[in-house]
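J.: Can you keep this structure in mind? I'll have questions shortly.
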Amino acid sequence: MQRIKSLSDYFKKYELSEKDPESFWSEIAESFTWKKKWDKVLDWDFEKVNINWFQNAKLNITENIFERNLKERGDKTAIIWEPNDPSESPIHITYKELYEETCRFSNALRAKGIKKGDRVIIYMPMVPEAAIAMLACARVGAVHSVVFAGFSSTSLADRINDCQAKMVLTSDGNFRGSKTIPVKPVVDEALEKCSTIESVIVLERTKQNVEMINGRDHWWHDCISEEPKVCESEVLDSEDMLFILYTSGSTGKPKGVVHSSAGYMIYSAYTFQNVFQYDENDIYWCTADVGWITGHSYIVYGPLLCGATTVMFEGVPTFPNVSRFWDIVDKFKINQFYTAPTAIRALQAHGLEPLKNNSLDSLKVIGSVGEPINEEAWHWYHDNIGKGNCPLVDTWWQTETGGIMISALAGITPNKPAHASLPLPGILPVIVDSEGNELLGNNVQGNLCIKFPWPSIVRTTYGDHQRCINTYFSNYKGMYFTGDGVKRDHDGYLRILGRVDDVINVSGHRMGTAEVENAINEHEEVIESAVVGYPHDIKGEGIYAYVIINSKSSDDTIKAEIVNVVRRVIGPIAKPDKIQIVSGLPKTRSGKIMRRILRKVASNDFGNLGDTSTLLNPDVVEEIINGASL
Ligand code: PRX
């Protein structure tokens with residue numbers, strides 16, 4: 001794998017990637033295993049959104065993880081699994097063992113009728129079998145769609161139905177901190193609304209009692225017990241779908257972001273290697289969940305493609321106490337540690353006491369992902385966890401980008417607090433104003449677009465290509481629009497300012513305001529609602545809901561019921577932090593809600609509400625300010 005060694009090397013590679021992207025990427029692609037090489041490196045069209053990398057090449061990503069690594073790294077640990085309860089022993093799985101387990105499960109999938117192109121839902125806790133499930137799908141050419149195990153049965157059913165999945169892989173339950181959470185019953189409830197699922201494979205984890213439906217449900221251990229430890233991999237085309245991952249957008253229901261095989265493979269591996277500057281014997285830990293893109297690219301695919309040792313953690317940072325992350329760092333002598341600003345802020349709030357018994361000396365690189373990291377959290381993380389001598393990589397990217405796009409390269413790019421800093425080679429960011437004019441030079445601020453394809457760019461939104469075109473490629477002609485605001489400072493370093501659309505980022509999780517509103521509106525006494533984000537000390541952004549009700553119940557009762565409805569419809573991550581019952585919402589004469597005003601009120605920023613004279617109902621603003629839930 002090509003490795004960037006210095007800042008001048010970075011600039012050289014960047015220049016090459018800009019001038020001759022095809023040579024740049026094909027040289028990187030050469031270090032992978034192909035069943036057939038490509039005819040052409042790139043064909044693309046941002047208007048119809050037709051992007052074809054490594055045309056007509058054939059491969060299987062799992063051969064690049066296993067067959068390509070086994071000879072040199074067969075006995076090397078691929079995954080270290082740390083269970084929720086620290087008194088339970090961790091598990092070290094070598095590349096050879098992971099290969100064999102993946103093969104056994106791949107055979108089990110085929111035995112249950114799964115073939116190339118079938119969609120398989122993975123709704124599992126953070127156990128090694130979740131990674132094995134992903135890899136086995138990839139080995140047999142099935143398209144996995146991992147659904148975060150905290151999502152509700154309704155969210156799960158929506159995703160199953162959207163991609164017409166044939167199978168669900170799940171567990172009996174999930175250990176999370178001091179709680180044991182049922183998982184299989186959520187699947188059962190979801191499947192009442194789905195007709196495409198033929199079988200469910202259930203991993204035994206918590207050993208709680210679950211109902212197994214004859215003919216449909218099977219235990220994981222039974223499925224693999226007779227299966228051999230080898231399995232021929234399916235031959236895939238470069239552009240064959242590798243996975244679908246659902247993510248919230250500014251409108252309606254989540255979109256199934258589609259990633260393809262070859263481009264995703266190359267980009268996740270290249271960025272892992274270069275951003276974290278992984279060395280052969282390093283132990284790397286990303287604290288994300290495999291239910292999100294960070295878990296896909298930087299717990300499973302990126303590290304395993306590079307032959308790295310990757311840690312998977314089942315639990316939460318606060319159990320059994322708030323030293324847990326740091327205890328794990330010391331226990332496995334973690335060298336690269338990658339987490340989200342929300343976790344940093346939550347742990348920072350406990351002060352330095354929880355760190356007093358930890359050395360953290362093994363750390364070489366620390367990373368941040370998922371939301372803007374504020375300067376205070378940046379310094380706390382850098383000074384107390386990185387002890388002032390670990391590079392901090394603030395990595396900006398998205399589900400749709402598949403891999404890290406803008407980030408310092410550890411130890412190479414000078415650190416600048418709260419700045420994602422510079423684009424990776426092959427990434428051509430542009431800053432545009434609202435009319436789409438490119439803002440050149442330094443000291444400019446606007447909307448972040450990317451003007452050239454990179455190998456792991458989103459290919460489509462599952463089942464609705466037009467939606468992909470409309471969402472990402474229509475706002476600014478000839479460019480991919482990220483939905484984020486950005487500033488290029490006087491040194492040319494980029495600082496991400498957050499979403500400019502109706503997406504809020506709650507603890508690093510993307511939440512479309514429309515999705516939360518739809519959930520709130522399911523309460524039968526709710527007439528209308530409007531949801532906005534507001535600054536939250538720990539979560540980054542909190543969810544503030546303005547709700548009009550038709551009810552005789554007390555406000556407190558209805559607020560509690562609304563929270564429950566959101567939990568039931570989406571899941572606990574989407575529940576509003578604040579709810580204000582209002583008699584009306586500020587609307588323009590054409591009936592559009594003026595969210596700008598609602599955002600200002602929710603942020604306790606009444607001073608400059610802007611022009612309210614065009615409102616249909618200006619009186620409502622006064623009422624909203626007086627009743628603000630601050
Ligand atoms: O707003 C940006 C924010 O997270 C969004 C992408 O969310 P998601 O698809 O869930 O992927 C999260 C993990 C890659 C972006 O549009 N975001 C992500 N990383 C950063 C960030 N904002 C600022 N700084 C970051 N490092």
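The values are calculated or read from the model by the stated rules, or taken from the named source; none is laboratory data. What you see is a predicted model, and the numbers here were worked out from it, not measured in a lab. Neighbour counts are summed over all protein chains in view; Cβ atoms, including those assigned to glycine, are modelled from backbone coordinates with ideal geometry. When the accessible area is computed, the model is the full protein with side chains, heavy atoms only, and any ligands, DNA or RNA have been set aside. Shrake-Rupley method; radii C 1.70, N 1.55, O 1.52, S 1.80 Å.
J.: With a Förster radius of 25 Å, plug the Cβ-Cβ distance of E622 and T557 into 1/(1 + (r/R0)^6) and report the FRET value to the nearest 0.05.
T.: Once the sixth-power term is evaluated, E becomes 0.45.
J.: Might you report the magnitude of the Cβ-based charge dipole of the stretch 265-382 about its Cα centre, with Lys and Arg at +1 and Asp and Glu at -1, to the nearest 20 debye?
T.: The dipole magnitude comes to about 100 debye.
J.: Subtracting the Cα-Cα distance from 0.36 nm times the residue separation, let me have the gained length for L615 to E198 in nm, one decimal.
T.: Numbers: separation 417, 0.36 × 417 = 150.12 nm, distance 5.29 nm.
Length gained between L615 and E198: 144.8 nm.
J.: Continuing with this model, one more query. What chymotrypsin sites (Phe, Trp or Tyr not before Pro) in the stretch 326-430 are in a loop by DSSP, with at most 13 other Cβ atoms within 10 Å of the Cβ?
T.: none
J.: Out of the stretch 475-521, which trypsin sites (Lys or Arg not before Pro) are coil in DSSP terms and have no more than 11 other C-beta atoms within 10 Å?
T.: The qualifying sites are K477.
J.: How far apart, in nanometres, would the label points at L439 and K578 be if each is projected 7 angstrom from Cα along the Cα-to-Cβ direction?
T.: According to this spin-label approximation, the distance is 2.8 nm.
J.: Please give the FRET efficiency for E232 paired with Q55, using the beta carbon to beta carbon distance and R0 = 35 Å, rounded to the nearest 0.05.
T.: That gives a FRET efficiency of 0.90.
J.: Compute the distance in nm between two label points, each set 7 Å from the Cα along the Cα-to-Cβ direction, one at S474 and one at E27.
T.: Result: 4.0 nm between the two label points.
J.: Here is a follow-up. Do any of K387/K578; K36/K487; K184/K539 go past 31 Å between their Cα atoms, and which?
T.: As for pairs spanning more than 31 Å Cα to Cα, those are K387/K578; K36/K487.
J.: Let me ask something additional. Kindly work out what percent of the DSSP beta bridges joining two residues of the stretch 503-628 are antiparallel, to the nearest 5. It would help to have the intermediate numbers written out before the result.
T.: Working: 17 of 21 bridges.
Here the share of antiparallel DSSP bridges comes out near 80 percent.
J.: Another one. Can you give the % of DSSP beta bridges in the chain that are antiparallel, to the nearest 5?
T.: Roughly 60 percent of the beta bridges in the chain run antiparallel, per DSSP.
J.: Cα gyration tensor of the stretch 503-628, axes a ≥ b ≥ c as square roots of the eigenvalues: rounded (a/c below 1.5), prolate (a/b > b/c) or oblate?
T.: Oblate is the answer for the stretch 503-628, as a/c is 1.5 or above yet b/c matches or exceeds a/b.
J.: Considering amide H positions built from the backbone, and no H for Pro or chain starts, which residues 5 or more places from V506, or on another chain, come under 5 Å of its amide H?
T.: Residues meeting the criterion, in which the H sits 1.01 Å from N, are M511.
J.: Sticking with this structure for a sec: What Kirkwood hydrodynamic radius, in Å, does the stretch 1-81 give when the mean of 1/r is taken over all pairs of distinct Cα atoms and then inverted?
T.: About 15.1 Å, per the Kirkwood formula over Cα pairs.
J.: Oh, and also: Can you list the cysteines of the chain that have no other Cys Cβ under 4.7 Å away?
T.: Flagged as lacking a Cys partner: C137, C163, C194, C223, C286, C306, C390, C449, C468.
J.: Over the C-alpha atoms of the stretch 159-263, what are the Rg and the largest Cα-to-Cα span, Dmax, in Å?
T.: Spelled out, the Cα radius of gyration and Dmax of the stretch 159-263 are 16.5, 47 Å.
J.: Another one. Please name which of V230, S260, T247 has its Cα lying farthest along the dipole of the stretch 183-283 towards the positive end, using unit charges on Cβ (Lys, Arg +1; Asp, Glu -1) and the Cα centre as origin.
T.: Positive-end residue among those listed: T247.
J.: Taking only the Cα atoms of the chain, how large is their convex hull per residue, in Å³?
T.: Normalising the Cα hull of the chain by residue number yields 157 Å³.
J.: Using only the C-alpha atoms of the stretch 352-412, find the volume of their convex hull and express it per residue in Å³.
T.: Per-residue hull volume (Cα only) is 100 Å³.
J.: I've got another one for you. Projecting each Cα onto the charge dipole of the stretch 503-628 (Lys/Arg +1, Asp/Glu -1 at the beta carbon, about the Cα centre), which of A514, G591, I549 comes out farthest on the positive side?
T.: The one lying farthest along the dipole's positive direction is A514.
J.: Separate question: Say a paramagnetic label sat at a point 7 Å from the Cα of T180, along Cα to Cβ; which residues of the stretch 51-91 have their backbone N under 15 Å from it?
T.: 84-85, 88
J.: When the chain is fully extended, how far beyond the present Cα-Cα distance does L352 get from S629, taking 0.36 nm per residue of separation?
T.: Stretched out fully, the L352 to S629 stretch lengthens by 96.5 nm.
J.: Which distance in Å, rounded to a whole number, links the C-alpha centroids of the stretch 204-279 and the stretch 430-455?
T.: The stretch 204-279 and the stretch 430-455 have Cα centres separated by 34 Å.
J.: Run the numbers for D45 and K76: contour at 0.36 nm per residue of separation, minus the present Cα-Cα distance, in nm.
T.: Value of the extension gain: 6.9 nm.
J.: With a point put 7 Å past each Cα toward its Cβ, work out how far I527 is from H465 in nm, to one decimal.
T.: A separation of 4.5 nm, rounded to one decimal place.
J.: Quick check on the chain: helices-only [θ] at 222 nm, where DSSP H runs of length 4 and up contribute -39,500 (n - 2.57) each and the sum goes over total residues. Nearest 500, please.
T.: That comes out to -8000 deg cm²/dmol.
J.: Turning to a different aspect of this structure: Grab the beta carbon distance between Q208 and N321, set R0 = 30 Å, and tell me the FRET efficiency rounded to 0.05.
T.: Plugging the Cβ-Cβ distance into 1/(1 + (r/R0)^6) gives 0.75.
J.: Please say if the stretch 1-150 is rounded, prolate or oblate, where rounded means a/c under 1.5 for a ≥ b ≥ c the square roots of the C-alpha gyration tensor eigenvalues, and otherwise the choice is prolate for a/b larger than b/c and oblate otherwise?
T.: prolate
J.: Go through T206, T62 and list them by solvent-accessible area, largest first, probe radius 1.4 Å. Write out the running numbers ahead of the final one.
T.: Working: T206 20, T62 0 Å².
Result of the area sort, largest leading: T206, T62.
J.: Pop out the carbon and sulfur fraction of the accessible area of the chain as a percent, whole number, probe 1.4 Å. List each step's numbers first, then the result.
T.: Values: 11100 of 23570 Å².
On the chain, the fraction of accessible area on carbon and sulfur atoms equals 47 percent.
J.: Taking a spot 7 Å from the Cα of N281 along the direction of its beta carbon, which residues of the stretch 333-375 have an amide N less than 19 Å from it?
T.: Counting only backbone N, you get 333-337, 360-365.
J.: Can you give me the relative contact order of the chain as a percent, contacts being Cα pairs under 8 Å and 6 or more apart?
T.: 12
J.: Using alpha carbons only, how many angstrom separate the centre of the stretch 518-565 from the centre of the stretch 353-425?
T.: Here the answer is 35 Å between Cα centres.
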